[in-house]
Every structure is written in C-alpha cells, then in structure tokens.
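First up is the structure itself, then whatever we jot down about it.
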C-alpha cells in the first residue's frame with residue numbers, strides 16, 4: 001500500500017521539505033494554526049512531535065517546546081484530535097515523531113491504529129532501534145502506516161540492511177552525532193552516509209538533526225538526499241514569540257517559505 | 001545486532017540508533033575483555049589493594065538483641081569512597097580504558113556514584129565529567145566538593161526536575177554526541193542492555209563475599225537479606241548469588257511521604273514502561289509521561305528501577321516494600337545510636353525494612369542487611385530534619 005508519503009516522493013521534482021513542529025506547542029489551537037501555516041507555506045511533509053517528558057534525542061529548543069506542550073495539556077488523545085483536525089482540511093503527508101513510552105502506554109497496536117484513523121501517514125519512534133523495532137513495524141504496517149526508521153553515521157552496513165528491510169516511507173538519517181538543534185554545518189560524514197545508503201536502499205533518504213540553512217539543503221541533496229527535515233529552526237520561531245500568535249505564524253510561515261525556495 | 005537483552009519481558013535497548021554501535025562495542029568488550037585473565041588481575045588489584053575489599057560482614061550484638069534475631073550488616077560503608085558504587089565504577093572505568101576510551105561521563109543523584117567515578121578516573125588517569133541535577137547539587141554539597149577535589153568536573157543539569165532522572169537524560173545526550181571517544185559510566189543496574197548485566201556483574205562481588213562469610217560464621221545460608229532499591233545495584237549485587245536458594249530477599253523502596261504522597265516506590269506503586277533505554281516499572285501518568293519521584297534520599301529519588309528487579313518482582317522471588325522518609329530518618333538515628341554506625345539515608349531504608357520484618361523471624365534466624373553506604377554525606381540534611389530529636 002502506498003501512503004501519501006510514498007506518493008509525495010515518487011512525484012517529487014525537487015528535494016522535499018519535511019517541516020517539524022511540536023504537537024500542542026504552545027497550545028492546541030496555536031499548534032493547529034501553525035500546522036496549517038506550515039502547510040500553506042509549502043512544506044511537503046509535516047512532522048509533528050508527540051511530546052515525551054524525557055526526550056533524550058532532543059536539544060534545548062525542542063526540549064523547551066515539548067515542555068510547553070506538556071504544560072498546556074498535550075497527550076496522545078489530543079495528539080490524534082489535532083491530526084484529525086488538520087487532516088480535515090489538508091492532504092499533505094503527516095508523520096508523527098515520538099518516543100517509545102507514549103506508544104507503549106497506549107498499546108502499540110492501538111497507537112498505530114489511532115494514528116492511522118486520525119490521518120497520519122508515518123510514525124517514527126526516536127528510541128526504538130532495529131533491535132526493538134519488530135512489534136512497532138508490524139503494528140505500523142497493520143494500520144497502513146509507514147514505519148519510519150532511523151539511520152546514523154554509526155550504523156554498520158549489516159544493521160543498515162536490516163533497517164532498510166523493515167522501514168517504510170523514508171529513512172530518517174541522523175545528520176549529526178548528537179541531539180536535535182541548529183548547527184549550520186555540512187557534515188562530510190553525513191554526505192558519505194547518504195551515498196552509502198543510496199547504493200542499497202530503494203527508500204528515499206532524508207537527513208534531519210542540525211539542518212537549518214539553504215547551504216546544507218543544497219549539499220545534502222547534491223549527495224542524493226531526497227529531502228531534508230527541519231525542526232529546531234522552525235520550532236524556535238514559535239518559542240521566540242510566545243504570547244504573540246500573529247507574529248508567530250508570520251515568522252513560521254516566512255521560515256518555511258525561505259526553506260522551500262532553497263529546495264532546488 | 002544484539003540478542004537476548006531481556007530479563008523475562010523487561011530490559012532491552014530502547015536508545016537512538018546512533019548509540020547502538022556503542023552498545024554493541026560495549027557488549028563486545030564486556031564479553032571478551034572482562035573475563036580475560038589480564039582484566040581480572042587488574043580488577044583484583046583495584047578491589048583488594050586499592051578499594052579495601054573484602055568488606056566485613058559484621059555481627060551486630062546490639063541490633064540482634066533489640067530485633068530478636070541474628071543480625072549482620074554487610075559493610076559496603078567501609079569500602080573506599082564510602083559506598084558500594086566504587087565496585088562498578090572501577091570495573092567500568094577499567095573496561096573503558098581497555099576499550100581505548102579517553103573520556104568518562106557519569107550521572108549522579110546522591111553524589112556517591114559521581115564520587116566513585118571521580119576516584120576511578122583519578123586512579124586510572126581518565127578525564128571524568130559528572131552530570132548532576134541542580135536540586136541534588138544543592139542537597140549534596142559535600143559530595144560535589146569531593147568530586148571537584150578528585151579532579152572531576154561537575155556539570156549542573158537544569159532541565160526537568162533537576163534530579164537524577166534529568167542527569168541521566170543529559171548524560172545520554174552527551175554520549176550520543178561524543179560516542180566515539182566517550183564511555184558513559186552508568187551508576188546502577190538501569191539503562192539499555194548491556195548496562196543492567198554489566199553493572200550487576202561488577203556488584204555481585206558483594207553477594208559472593210556475603211555468601212562465603214555467612215557460611216563461615218553461621219555454617220548455613222541466611223534466612224533473609226534486605227537491601228535498598230533505587231536503581232537497585234547494591235540489591236542486585238547482594239541478591240544474585242542467593243537467587244537459587246531459599247533465603248528470603250527483600251527490597252526497600254523509597255516510600256517518600258507515604259500513601260497518597262510523593263514517592264520513589266517504583267515497583268510497589270508503578271507500572272511497566274520505557275525510560276532510559278529499558279522496559280521496566282516506572283512512575284508515570286496514564287499517557288506515559290514520567291512523573292517526578294520523591295525521596296528524602298537523593299540516591300533513591302528515581303522514577304525507574306533496574307529491569308531485573310521488575311522481573312524478580314513479577315516472579316515473586318524478591319519482595320519489595322516501601323519505606324517512608326520518616327521511617328528512614330528514624331532508622332538513620334536508630335542504627336547510629338544502637339551500633340555506632342551512621343548509615344547513608346539510602347541504606348537507612350534497608351535498616352527500616354529489616355526492623356519491620358524482624359518480628360517475622362525467630363531468635364536463631366539470620367538476617368543480613370546490606371549497608372550500602374555510610375552517612376557522612378547526609379549528616380547536615382538529617383541534622384536539619386531531625387531537629388530536636390538530636
């Protein structure tokens with residue numbers, strides 16, 4: 001079954017922008033408005049982070065956004081309402097990024113079913129590596145959702161094969177050693193990694209972590225990346241304008257348009 | 001790909017993909033380097049000549065008279081550094097050195113593991129940086145000073161609840177960023193595979209000694225063993241060699257403010273889930289958000305627990321009970337005054353549970369309490385809390 005994600009990549013004429021927001025940041029209403037803003041500004045895929053209290057893969061910008069969302073009452077029930085509300089007005093592919101425990105507590109099967117029913121197309125779980133992936137991937141496929149798995153510079157060739165075998169939608173390439181957050185540099189190891197993955201993977205490869213500049217987008221797409229994921233750079237526009245919703249939407253929209261215009 | 005990472009359904013390695021190569025490398029080192037004669041010889045030197053093993057199994061005359069059974073204390077408080085944490089810190093630091101790592105990071109709650117890691121780093125000539133929650137830095141000033149004197153850097157953690165849980169988050173984030181030259185020296189039987197097994201193996205020296213000592217002194221196995229459980233490394237250390245015996249095993253968790261109040265009694269009052277790389281009992285809300293734990297003792301103030309304890313709980317092999325802050329404080333003073341031994345507040349939880357179960361034992365029954373650490377670090381806190389009882 002081909003999801004909206006698969007169709008977006010097969011139809012692409014340029015690298016795709018995966019624009020990331022934290023669900024419920026700074027609150028439900030503004031979060032939904034921000035998703036629509038990002039969508040109308042031209043993001044090709046929207047990634048929403050389901051907040052977890054202990055986000056070990058995230059840097060300070062995302063941590064603060066996650067904290068804001070949790071304080072405003074975000075939970076897995078409201079996540080699926082948010083996705084449903086967004087989906088009512090848009091066919092843009094949507095990916096949920098979260099950590100294992102919110103999925104496990106809902107029940108792995110129930111989480112993926114609810115995500116699929118709400119209108120999500122892919123789910124990525126930051127702390128589920130290949131070793132733990134089986135039940136998550138199975139539930140994902142059963143629900144018609146792409147199981148998005150991570151690849152890193154430190155991933156060996158044998159692990160990469162196992163990941164490619166199980167993953168769906170696209171491969172999320174962790175483009176920097178460390179946590180999420182803007183870095184502005186092109187990591188030569190990531191360039192090599194993109195080439196290594198493209199040799200064996202039929203799935204699109206999309207780097208994320210530390211990407212915020214057009215120069216990075218250009219370098220990674222030259223190496224063969226099918227898109228890029230931008231998170232902290234967008235989420236920071238939200239965090240810098242708490243209490244000023246109009247400015248917030250304008251800044252987020254502007255940031256996304258600038259990124260899209262650099263996606264050549 | 002790593003296999004058999006579980007204790008029953010608990011454990012596993014729930015970490016970002018970037019860390020998997022480091023866990024595989026660590027497991028390889030654990031399997032090939034640790035059993036080798038060269039490593040074992042070095043470890044023997046450090047444990048015996050340097051750290052002061054073996055530690056005594058002290059028959060406590062006053063306690064025995066008062067509690068109505070034969071009470072022994074396993075004296076990890078007498079180990080260099082003042083707590084059992086050094087067994088693991090020396091083992092892992094030595095392994096990290098053999099694996100060519102140049103830098104060690106650690107998390108600490110009460111500061112005992114931070115101090116132990118700082119000591120191991122100084123002894124082995126390795127750079128040590130310790131993540132510690134701001135809240136804990138404030139309540140464990142003595143250990144912060146000790147770490148700095150030993151040449152380690154103490155990095156304050158300002159995220160989340162600013163305690164042990166958040167220090168582990170920061171250490172994991174650091175490790176992801178510096179995975180190639182850094183070893184994360186985790187302080188308890190928690191975290192992703194292979195840490196719960198690795199730390200258990202380095203702490204099992206406590207139980208091996210205890211078993212030999214009690215057989216020599218009593219000519220038989222003990223009837224009951226009691227240890228405190230935060231992450232649970234001292235408990236696993238003393239329990240492991242007795243798991244196949246009839247000896248009853250008891251874990252004392254942090255009951256905090258008691259029923260209805262804040263606590264750290266993960267096994268008694270929590271539910272299984274995933275935190276810090278492992279599937280285990282956790283203190284969490286209905287949606288899987290981790291809740292803040294509470295204990296008078298910083299070392300037990302953690303909303304998770306080692307996955308093997310979760311397994312032993314479900315199997316019914318170990319009985320876990322909650323001990324409140326007040327009971328622990330009372331037993332801190334009780335042991336100090338009855339035997340002239342000032343326990344760590346963590347270990348005072350085990351003493352309190354021993355006092356609770358002693359009435360179930362006969363006068364010839366043998367009860368062993370793992371006195372995991374000494375209480376010098378807690379003196380000013382207890383002085384403030386105990387007030388006019390002093």
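Where a number appears in this text, it was derived from the coordinates with a stated rule and is not lab data. Keep in mind the model is a prediction, meaning the values are calculated, not measured. All Cβ positions, even for glycine, are placed from backbone atoms using ideal geometry, and neighbour counts span all protein chains on display.
Sorted from largest down, give the three principal axis spans of the alpha carbons of region A:180-264, whole angstrom values.
Ordered largest first, region A:180-264 gives principal extents of 47, 21, 21 Å.
Report the per residue volume, in Å³, of the convex hull enclosing the C-alpha atoms of region B:173-280. The partial results should precede the final answer.
Working: hull volume 14.1 nm³, N = 108.
It comes to 131 Å³ per residue, whole-number rounded.
Based solely on its DSSP helices, what 222 nm [θ] is calculated for chain B when runs of n ≥ 4 H residues each add -39,500 (n - 2.57) and the sum is averaged over all residues, nearest 500 deg cm²/dmol?
Here the helix-only value at 222 nm equals -12500 deg cm²/dmol.
Provide the packing ranking of A:68-80, B:306-318, i.e. peptides ordered by the mean count of other C-beta atoms within 10 Å per residue, highest first. Intermediate values should be presented prior to the final figure.
Working: A:68-80: 19.7, B:306-318: 21.5.
Descending mean neighbour count gives B:306-318, A:68-80.
Please compute the Kirkwood hydrodynamic radius over chain B, one decimal place, Å, based on all pairs of different Cα atoms.
20.5 Å
For a Förster distance of 45 Å, can you work out the FRET efficiency between the beta-carbons of residue B:65 and residue B:292, rounded to the nearest 0.05?
The formula returns an efficiency of 0.65 here.
Full extension from residue B:269 to residue B:102: what is 0.36 nm times the residue separation minus their Cα-Cα distance, to one decimal in nm? Could the numbers behind the result be given before it?
Working: separation 167, 0.36 × 167 = 60.12 nm, distance 4.04 nm.
Fully extending the segment from residue B:269 to residue B:102 adds 56.1 nm.
Which whole number gives the average count of other chain Cβ atoms within 10 Å of the Cβ atoms across peptide A:116-129? Walk me through the intermediate numbers first.
Numbers: counts 0, 0, 0, 0, 0, 0, 0, 0, 0, 2, 4, 12, 7, 14.
Counting other chains' Cβ atoms within 10 Å and averaging over A:116-129 gives 3.
What FRET efficiency comes out for residue A:254 versus residue A:33 if R0 is 22 angstrom and r is the Cβ-Cβ distance? Round to the nearest 0.05.
For residue A:254 and residue A:33, the calculated efficiency is 0.90.
Express in whole angstrom the spacing between the alpha-carbon centres of region B:140-177 and region A:169-191.
What the calculation gives is 27 Å, centre to centre.
Choose one answer from B:264, B:160, B:91: the residue with the largest mean-square fluctuation in a GNM of chain B with alpha-carbon springs under 10 Å.
Per the Cα network of chain B with a 10 Å cutoff, B:160 tops the list.
Calculate how steeply helix B:164-177 sits against the longest principal axis of the alpha-carbon atoms of chain B, using the helix alpha-carbon long axis, and give the answer as 0 to 90 degrees to the nearest 10.
20 degrees
Compare B:166, B:181, B:301 in a GNM of chain B, Cα atoms joined below 10 Å, and give the one with the largest fluctuation.
Among B:166, B:181, B:301, the largest mean-square fluctuation in the Gaussian network model of chain B belongs to B:181.
One quarter of the convex hull surface, Cα atoms only: what value does that give for region A:65-149 in nm²?
5.4 nm²
Calculate how many DSSP beta bridges within the protein assembly as shown are antiparallel, expressed in % of all such bridges and rounded to the nearest 5.
20 percent
Name the residue, out of B:56, B:359, B:272, whose mean-square fluctuation peaks in a Gaussian network model built on chain B with Cα pairs under 10 Å.
Among B:56, B:359, B:272, the largest GNM mean-square fluctuation belongs to B:359.
Starting from the Cα of residue B:49, step 7 Å along the direction of its Cβ; do the same at residue B:388; then give the gap between the two resulting points in nm.
Taking the two extended label points, one gets 5.6 nm.
So if each residue of separation counts as 0.36 nm, and I subtract the Cα-Cα distance between residue A:261 and residue A:88, what length gain in nm does that give?
59.6 nm
Take peptide B:157-164, look around each residue's Cβ out to 10 angstrom, count Cβ atoms belonging to other protein chains, and average those counts.
For peptide B:157-164, the averaged partner shielding equals 2.
Residue by residue through A:193-203, how many Cβ atoms from other chains fall within 10 Å of the Cβ on average?
Taking all residues of A:193-203 together, the mean is 0.
Given the -39500 (n - 2.57) contribution per DSSP H run of 4+ residues, what per-residue ellipticity at 222 nm results for chain A, rounded to the nearest 500 deg cm²/dmol? Could you put the intermediate results ahead of the total?
Numbers: 12 runs with 132 residues, N = 264.
Theoretical 222 nm ellipticity from helices: -15000 deg cm²/dmol.
Evaluate the relative contact order of chain A (contact order divided by residue number), counting alpha-carbon pairs under 8 angstrom at least 6 apart; express in whole percent.
23 percent
Could you check how many percent of all C-alpha pairs in region A:76-215 are farther apart than 28 Å?
Across region A:76-215, Cα pairs with separations above 28 Å total 20 percent.
So what are the radius of gyration and Dmax for the Cα set of chain A, in Å?
16.6, 49
Return the distance in nm (one decimal) between the two label points of a simple spin-label model at residue A:141 and residue B:257, each offset 7 Å from Cα along Cα→Cβ.
4.9 nm
With axes computed from alpha carbons, what is the tilt in degrees of helix B:85-98 against the longest principal axis of chain B, rounded to the nearest 10 within 0 to 90?
20 degrees
Translational D (Stokes-Einstein, µm²/s) of region B:1-126 at 25 °C and 0.890 mPa s when Rh comes from the Kirkwood sum over C-alpha pairs?
145 µm²/s
Over region B:63-144, what is the relative contact order in percent, taking alpha-carbon pairs closer than 8 angstrom and at least six residues apart?
So the answer I get is 26 percent.
Once the Cα atoms of helix B:325-339 and of chain B are each reduced to a long axis, what angle between those two axes, in degrees from 0 to 90 to the nearest 10, is obtained?
70 degrees
With 10 angstrom as the radius, rank A:240, B:364, B:378, B:77 by how many other C-beta atoms surround their C-beta, starting from the fewest.
Ranking A:240, B:364, B:378, B:77 by Cβ neighbours within 10 Å, fewest first, gives B:364, A:240, B:77, B:378.
Thinking of the protein assembly as shown as a set of Cα atoms, what percent of all their pairs are more than 32 Å apart?
More than 32 Å apart: 49 percent of the Cα pairs in the protein assembly as shown.
Could you please state, rounded to a whole Å, how far the C-alpha centre of region B:309-363 is from the C-alpha centre of region B:79-133?
First find each Cα centre; the distance between them is then 27 Å.
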